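The block underneath contains the structure these notes are about, expressed in structure tokens.
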Amino acid sequence: MVDIPAYVLLSQETALRRRMDVVANNLANMSTSGFKREQPVFEEALRKSDSAEPAARSVSFVLDYGVTHDQTEGAFNATGNALDVAVQGPGFLAVSLPDGGTGYTRAGGLQILPDGKLGSAGGLPLLGEGGQPISIPEQAQGRLRIAGDGTVEGPDGPLGRIEITSFADEGALSQRGDGVMVGSGGTPLSADKTRLRSGGLEASNVQPIAETTAMIEILRAYQTSQRLGESLGELRKNAIGRLGAFRN
């Protein structure tokens, strides 16, 4: 006989553990530039049981469906660094990944890589118009300006334009790590639709107090689930004991 209550509680505790992992990750990235708060998504799974009781013939389990990202824009933190940019509105900076793919980030702490290309804070080449990297001549390094439309200007004129990629469904993007996300279906924005603010970075949109409160709620729910499991164990033990006494 399948122990349905135990399986239901197990699915609940697994979901709570998943929620705790997501909240912990949010708190760990509260100081990560451009990080978007994650929220787990669960779905109900109904299963038929062989119970003789009509009310117990359909059993509801909790299944992990995935995570969504809170796309609320983070605050602008001024740094005074000409290579620090914040994306205003929707969209992401595109970077070239080591495996040849394309990643997307809102962490705008840019730098000049050893090969002279403009790169992300994580050392990934930044992609400009047409998916091409932006090369910075040695004489222009330290004398750059990034305009609101993404144009990178040196002392002798434009050197390229940072392209912003938008997604119709940003929830379809998944975290790769180091503030970089991966996904498909992005659309490059034209210069007139690109909005960059230089001289600062976008802060994480994680709210520490809200995440800490969520962590406490998850812990209490887990403790309640454990107490229910212990109560079910006691009921089962008493039932077996009475059945044994009856048979004797």
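The values are calculated or read from the model by the stated rules, or taken from the named source; none is laboratory data. This is a predicted model, so every value here is computed, not measured. Note that we place each Cβ from the backbone using ideal geometry, even for glycine, and neighbour counts take in every protein chain shown.
The set of residues from the range 191-226 being in a loop (DSSP other than H, G, I, E, B) and surrounded by fewer than 12 Cβ atoms within 10 Å (Cβ to Cβ) is empty.
Considering each of Gly123, Gly142, Gly148 in turn, give the residue that is under 19 Å from Gly179 (Cα atoms) and part of a loop (DSSP other than H, G, I, E, B).
Answer to the selection: Gly123.
Filtering the range 151-177 to residues that are within 23 Å of Thr32 (Cα to Cα), surrounded by fewer than 16 Cβ atoms within 10 Å (Cβ to Cβ) and more than 11 Å from the chain's Cα centre (by Cα) leaves only Asp169. Counting the residues of the range 50-88 that are at pLDDT below 85, assigned to a strand (DSSP E or B) and under 30 Å from Glu202 (Cβ atoms) gives 6. Looking across the range 89-120, the residues that are part of a strand (DSSP E or B), among the hydrophobic types (A, V, I, L, M, F, W, C) and without any contact (Cβ under 8 Å) to a residue 60 or more places away in the chain come down to Ile112, Leu118. Restricting the range 178-190 to residues that are part of a loop (DSSP other than H, G, I, E, B) and in contact (Cβ under 8 Å) with a residue 24 or more places away in the chain, the residue that is surrounded by the fewest Cβ atoms within 10 Å (Cβ to Cβ) is Asp178.
Of the residues making up the range 155-177, those that are among the acidic types (Asp, Glu) and in contact (Cβ under 8 Å) with a residue 24 or more places away in the chain are Glu163, Glu170. Residues that are modelled with pLDDT of 70 or more and of a type in the set (S, T, N, Q) were ranked within the range 26-49; the one that is farthest from Thr213 (Cα to Cα) is Ser33.
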